[in-house]
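To start, the structure itself, in structure tokens.
The values are calculated or read from the model by the stated rules, or taken from the named source; none is laboratory data. No experiment lies behind these values; they were computed from the predicted model shown. Glycine also receives a Cβ, built like all others from the backbone with ideal geometry; neighbour counts cover every protein chain displayed. Surface accessibility is based on the protein's heavy atoms, side chains included, excluding ligands, DNA and RNA. Shrake-Rupley method; radii C 1.70, N 1.55, O 1.52, S 1.80 Å.
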Amino acid sequence: MAPEKREIEINSREDTLDLMSPDIRPWPVTPPPSPEEVAAVYAKRKATDFGKWCEDNLRFEYSFGKPEALQGLKVLCMGLWRLGNKFCASLLGEAGAEVINIEPPEGDPLRKLTPFGREEYMLEDKETGEKCGLEFIHEMRNQYSITLNIETEEGREIYKNLAKNVDVLIEEYPPGYMDELGVGYRQLSKLNPGLVYCWIGVRGSWGPYKDKLSKFGQWTLEPFGGCANSFVHNTGFPPDQLPRGKGGDPTRSGVWFADYVAGEQAACSILAALYWRDEFSGEGQFIEVTGAESQMDILDFDIGWYGFNGSIKARTGAWDPNLNQYEWNPCKDGYMMIGGQTDRLWYRIGMCIERDYPQFGRLIHEDPLLKEMGARNALQALIKTYTLTTRWLRDLNRIEAEQKLLEYEIAAGPILFIDEVAEFPHFKYRPWVYTIDSDQYGTILYSASPNSFQMRTPHRVKWMGRPLGKDNYEIYQKWLGMGQSQVNELKDKGVI
Amino acid sequence: MCDIIWCKKEIDGKICNTVNYLDPYCFWNWEGKINCAECGTVYYIHMIQGFMYKGPEERPGEEPDIMPLYADKPLDGYDNYLPGTEGRTRPYNCLPRHIYLGRADMVKFSIRGRPVRGWCPQPPCSGIAGSHGFKWDIQKLSPEVWEEYQEKLKKGEVKEW
Amino acid sequence: MAKDLRVTRLEDLPGPKSKEELEEMKMPYEEFCRKAFDPGNEMTKPQALKGIRWLSTTMYIFTPHSVSNLAELGAEVIKVEMPRMGDPMRHTSPFNECYLYPLHDSRPVTGTGMGFLNANPNEYHITMDYHIDEMKEAFYRLVRMSDGLTECYRPGTFDRWKQSYRYLQELNPRFIYVWGGGFGYGPKVFGGSYDILGQAHAGLASVTGMHEFMGGHCTKHSNWCIDWYSGTQITFGILAALLWRRKTGLGTMIEFSQVQAATRALGYTAPLYGRFGIVRQRWGNWDTQLCVHGIILCGKSDFPDAINPQDKYEARYVMVSAFQDADFKELCDITGNKELYEKYKAHKDRVEAEAQVEIYAALEKWASDKSRSEVVKTLQDAGLLAEPVRNDREVYECEHFRQRGTVRWLEDPIFGDVLQHGTYSAGLMEKTPRRLFWIWRPVGADNVRIYHELLGYPVSKIEEWYEKSWI
């Protein structure tokens, strides 16, 4: 049936919002490739059986028919503002743990954040009309939402009782705050010796450069972590490529990246601690993970390089100083990423470009300075290679360049924006972004868990962020045997 | 950006034939004058989205606004001008050290003065099928570095940090 | 409780039970943490993954890192590389300047580049050419006595070589098999991938860098951060699978797409597009959801006379954060921008795009005649949050990381004195801390140890394979 046509008038941005809703513009806009089309891809490389085996055993759509790896694991998450605790708890939740997220009665301030302060991009609770920001909803996965005021004596008692019966507690409050209230690791581990307690922060809960609060109580948030570990200093275009103050500056990640890194490393440390507890010792332990340090852990060789010969890594824009080719450069309709460092791949890239632009072969392939893999990483080699590569790219759209390079089996891909990511055939097919039909907030497009593709215990998203305190009655009843009148009473007192 | 100026200027009966590389990002959208690294001829260019919208047009007698970062001479064995060759190419300042090598730095001691195996060639030292133990017998393999290290120790040049 | 209720027992009373415990409870929190984590004494504590053995048939950063996390946590790891050549990552070094030698005796002037650092610590390195039928038996022997494997070859390759999970689960039903790569099953299954492709293809680059009106372009995260970050998520998958295997005795296969993991880190980007059709763009050094919360340029470097250009020219940036009303008011006061506070009293107003442009311009104007440290000091003295953007030297010299043991020197058994910023920094653990034994080993350094001592092949056989370049 053809969709019904209707007249609309657009006078402001608000008028367009409803037009973009998933009911009118469902995802995906165009259908994903069919399994037959994909089977043809497998067949081309003589991998028909293997491809079928993978799809039969790993498909995303089968995940709800399989068991959960961490079934039975109980987790409390106690953190505000930052994504480290949220991401860590989400990972555990996606793997099957029962996770309870505790917020103060006024809620996590992260709920209030929305791009450029625009409330129209927040989602409204169908029951209460209360609005919640998308970042919070997207990052609080598979977690129950309860409220508790631990600044009250009664709240702390309840908190202790909750903590007695869990395997894991994730905490992200300012350094020493919980300890001062008498509900930190020192105290809770006495009540529950098997407890794995993980503090997550930006620079640390101890040490001379630990996390600070401003005089007015404002928290330290990302990208302070990236500024402390040299990530920001090392990222961005050099003033030799773009003027300082106009793009040629140290640059932060567009997202709170160190928070994600801290969250996932916290989740790994937690599982390792559980393995040791269950396999060997029966004991819980204390863990501390920070954004600045866990991101420093993955800063390649940067600090180590200083120890070698006093080098201080400089930013190199969209080029990588360690591999050639390995960069993106502008093309007709955006940016094109090309990678291939070993001789085999490097010359293949050249052959591909040479076909359209013969001078490339003349200037690149015949240059004796560019014949050796290591030597191609010299600055002058990058300048020369990328100038000529871009000379080729300026005539091409991203998709054209990608097709040409893929013919030569080069790892190449355009920079995609989220609308393009969401519609990229491969990403729709697996899928990487997916929709969930939530009871409170309607249909939400989300980034799927990359651990969803497993034979036996795929991780999965069961629900997204919840309205504040949605699970109070259920959890307090089930975990502590507190009936609704008691919960209501505590609510009135400001404890819940 | 993403273009080159292949200078064909004839000087003393000889064609310059130097390729000046207009590096991406810097020149992607750019208007102004640039010199040839070899013969100094000044060209006016106006680039939009990587295309030479105008130019290169010679501007005799005028001063360049910018110099290329790199240039080479493919017809003369790829002789080249590295970044920062005075009067020819512009310097590249955003570098990890004040000196730029572009080839392996032969390092014998870390910044705190202890031996690190950062130089080559290293004498062969593996056992069966490329096996290595868990020891660097520096005294035997590289006695001269060991000596140097003893000197450093004596002079107090070996530090904790 | 005591049987006789009249008896008061120490353990029934609330509070500490012994003198040591009392002291521990009384200790200032910071001291308690320091004692609990006790940097420098990691080796006196047990290892969490004691007894796990993992095979790493990996290259570059992404899949190696999924295993290096295990190796740091105490698993025994055997890394398999191509004979003589090794992992291609060994041949990466910044501007070709920094290598450690030897790579292998047969190549005296080739080293292992710094690009390899942190990706394969504590591992045993063997070589093997999988194409050789005779090596298959050795490979299968390894599989029978290991807990799992991570590989990164193009999909179908290991299957063709009869060493995919289809085959290996028959040999070892407890085996946990990980394939990590760019895409996984689907139409682009054979697409190769690198970290930078993940950054580009998955949307991360589209939201990083200065906006066009600021003169910027899509910007690459300095490091192979998506490789590392995705590798850690595999580790998480492996650990969850290990815990499940404790209950069931069954292994599994994990297929992990590194490019997808980059999309996962985009926060509100996907739901914003899905619901409202808004395509998130770059927003430079500012924050789309908070203001003031961004990095500003100061007029003067902190080290104008330094020799190193990074100190001399680049020590000019400060991260300033004052998004709460009181903080913002103080910031406006101290920088002489009282009218901005009057204009943007509500956070909702000052976080709007136009307001941000105005506010940051005013802050940079204020900082334009000051050095980085002057700006930081002025703001910190006013009780606000402001920190310099530090470079690698400053991180090395930072007392904080030294005290916490997250930056430290290591005497590597083969390569000598190496500065280390990985392993310990991934997270402090009180009872089973991560630890580092060595950074990496030369290509094939443990051939005898593994083929002979573990798999029982006679040394003569190993020498023969070596001569033929099968190992």
Worksheet item: Could you list log10 I(q)/I(0) for region A:74-180 at q = 0.17, 0.18, 0.24 Å⁻¹, which the Debye formula gives when each Cα is one point scatterer?
Response: -0.84, -0.92, -1.38
Discussion item. Would you calculate the convex hull of the Cα atoms in region A:326-416 and tell me its volume per residue in Å³?
Written reply: 78 Å³
Practice prompt. Using the heavy atoms of the protein chains and a 1.4 angstrom probe, tell me the accessible area per residue for chain C in square angstrom.
Written response: 31 Å²
Practice prompt. Could you work out how far the C-alpha centroid of region A:141-172 sits from that of region B:85-154, in angstrom?
Written response: 54 Å
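Probe radius 1.4 Å, ligands and nucleic acids left out: can you give me the accessible area buried at the C-B interface, summed over both chains, in Å² to the nearest hundred? Could the numbers behind the result be given before it?
Values: alone 25460 and 11240 Å², together 33160 Å².
So the buried area, both faces added, is about 3500 Å².
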Discussion item. Between region A:265-311 and region A:86-119, what is the separation of their alpha carbon centroids in Å?
Written reply: 23 Å
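Per residue of C:22-33, count partner chain C-beta atoms within 10 Å of its C-beta, then hand back the mean as an integer. Don't skip to the end; give the middle numbers.
On the way: counts 0, 0, 1, 5, 0, 1, 3, 11, 8, 1, 7, 14.
Across the residues of C:22-33, the mean count of other-chain Cβ atoms within 10 Å is 4.
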Worksheet item: Cβ under 15 Å from B:TYR78's Cβ, B:TYR78 left aside: what net charge do those residues give with Lys, Arg +1 and Asp, Glu -1?
Response: -2
Practice prompt. Using Cα positions and a limit of under 27 Å, work out the lysines in reach of C:LYS50, with same-chain residues fewer than 8 apart set aside.
Written response: A:LYS74, A:LYS190, B:LYS135, C:LYS35, C:LYS79, C:LYS247, C:LYS431
Worksheet item: Shape of region B:3-81 from its Cα gyration tensor (a ≥ b ≥ c, root eigenvalues): rounded if a/c is under 1.5, otherwise prolate when a/b > b/c, or oblate?
Response: oblate
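With a cut-off of 8 Å between alpha carbons and a minimum separation of six or more residues, what is the relative contact order of chain B in percent?
It comes to 14 percent, rounded to a whole number.
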Worksheet item: With all protein chains present, how much of the accessible area of the protein assembly as shown (probe radius 1.4 Å) comes from carbon and sulfur, to the nearest whole percent?
Response: 51 percent
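Rank-order A:156-166, C:232-242 by packing density, defined as the average count of other C-beta atoms within 10 Å over each peptide's residues, highest first.
Working: A:156-166: 17.9, C:232-242: 27.9.
Ranking, from highest mean packing down: C:232-242, A:156-166.
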Fill in: For region C:254-310, alpha-carbon Rg relative to the globular expectation (2.2 N^0.38 Å, N residues)
1.82
Item to complete: Mind running the shape call on the protein assembly as shown? Use the C-alpha gyration tensor, a ≥ b ≥ c as the square roots of the eigenvalues: rounded below 1.5 for a/c, prolate if a/b tops b/c, oblate otherwise.
Response: rounded
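What is the local net charge at C:GLU97, summed over the other residues whose Cβ is closer than 10 Å to its Cβ (Lys, Arg +1; Asp, Glu -1)?
Values: positive: B:ARG97, B:ARG103; negative: B:ASP105.
Local net charge: +1.
Using mean Cβ contacts within 10 Å as the protection proxy, how do A:410-418, C:77-85 order, highest first?
Numbers: A:410-418: 24.8, C:77-85: 21.1.
Ranked by mean Cβ neighbours within 10 Å, highest first: A:410-418, C:77-85.
Can you give the % of DSSP beta bridges in the protein assembly as shown that are antiparallel, to the nearest 5?
Numbers: 66 of 115 bridges.
Just about 55 percent of them are antiparallel.
Rounded to the nearest whole Å², what accessible area per residue is found for region B:3-81 with the 1.4 Å probe? Don't skip to the end; give the middle numbers.
Values: 3490 Å² over 79 residues.
For region B:3-81, the per-residue accessible area is 44 Å².
Averaged across the residues of A:368-374, what count of C-beta atoms belonging to other chains lies within 10 Å of each residue's C-beta?
Values: counts 2, 4, 1, 0, 2, 5, 12.
Taking all residues of A:368-374 together, the mean is 4.
Highest first, please rank the peptides A:314-323, C:19-28, B:39-48, A:346-355 by the mean number of other Cβ atoms sitting within 10 Å of their residues. Kindly include the intermediate steps, with their values, before the conclusion.
On the way: A:314-323: 26.7, C:19-28: 11.8, B:39-48: 17.7, A:346-355: 19.3.
Top of the packing list down: A:314-323, A:346-355, B:39-48, C:19-28.
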Discussion item. Over the Cα atoms of region B:107-155, what radius of gyration and what Dmax do you get, in Å?
Written reply: 12.1, 41
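In a shell of Cβ-Cβ distance under 13 Å around B:TRP6, excluding B:TRP6 itself, what net charge do Lys and Arg (+1) and Asp and Glu (-1) give?
Local charge sum for B:TRP6: +2.
By accessible area of protein heavy atoms, probe 1.4 Å, what ranking do C:TYR167, C:TYR229 get, highest first? All intermediate terms of the calculation are to be shown ahead of the outcome.
Numbers: C:TYR167 80, C:TYR229 0 Å².
Ranked list, largest accessible area first: C:TYR167, C:TYR229.
Using only protein heavy atoms and a 1.4 angstrom probe, determine the accessible area buried between A and C, summed over both sides, in Å² to the nearest 100. Present the calculation step by step, with values, prior to reporting the outcome.
On the way: alone 26670 and 25460 Å², together 33670 Å².
Buried surface at the A/C interface: approximately 18500 Å².
Once a ≥ b ≥ c are taken as the square roots of the eigenvalues of the Cα gyration tensor of region C:293-397, is the result rounded (a/c under 1.5), prolate (a/b larger than b/c) or oblate (a/b not larger than b/c)?
Working: a/c = 2.29, a/b = 2.15, b/c = 1.06.
Prolate, because a/c is 1.5 or more and a/b exceeds b/c.
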Worksheet item: Hey, what do the phi angles of region A:111-123 turn into as Karplus ³J(HN,Hα) couplings, whole Hz, using 6.51/-1.76/1.60 and θ = phi - 60°, x for Gly and Pro?
Response: 4, 8, 7, 8, x, 6, x, 7, 5, 5, 9, 9, 9
Item to complete: Sort out for me the Cα centre separation of region A:324-340 from region A:458-489, rounded to whole Å.
Response: 49 Å
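I need to check one value: relative contact order of chain C, counting alpha carbon pairs closer than 8 Å and at least 6 residues apart, in percent. Write out the running numbers ahead of the final one.
Values: 799 pairs, mean separation 86.4, N = 471.
Result for chain C is 18 percent.
Find the relative contact order for region A:396-496 and round it to a whole percent, using C-alpha pairs within less than 8 Å whose residues are 6+ positions apart.
Details: 66 pairs, mean separation 11.5, N = 101.
Rounded, it is 11 percent for region A:396-496.
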Worksheet item: Taking N as the number of residues in chain C, what is its alpha-carbon radius of gyration divided by 2.2 N^0.38 Å?
Response: 1.19
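Partner chain Cβ atoms within 10 Å, averaged over the residues of A:146-156 - can you pull that number for me? Walk me through the intermediate numbers first.
Working: counts 0, 0, 0, 0, 0, 0, 0, 0, 0, 0, 0.
Mean shielding by partner chains, rounded to a whole number: 0.
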Worksheet entry | Hz values of 3J(HN,Hα) by residue in region A:164-171 - Karplus curve (6.51, -1.76, 1.60), Gly and Pro given as x | 5, 10, 10, 8, 9, 10, 9, 10
Discussion item. Taking the 0 to 90 degree range and rounding to the nearest ten, how far is the long axis of helix A:257-276 tilted relative to the main principal axis of chain A, both from C-alpha atoms?
Written reply: 60 degrees
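What accessible area per residue, rounded to a whole number of Å², is obtained for chain A using a probe radius of 1.4 Å? Before the final figure, lay out the partial values.
Working: 15920 Å² over 496 residues.
It amounts to 32 Å² per residue over chain A.
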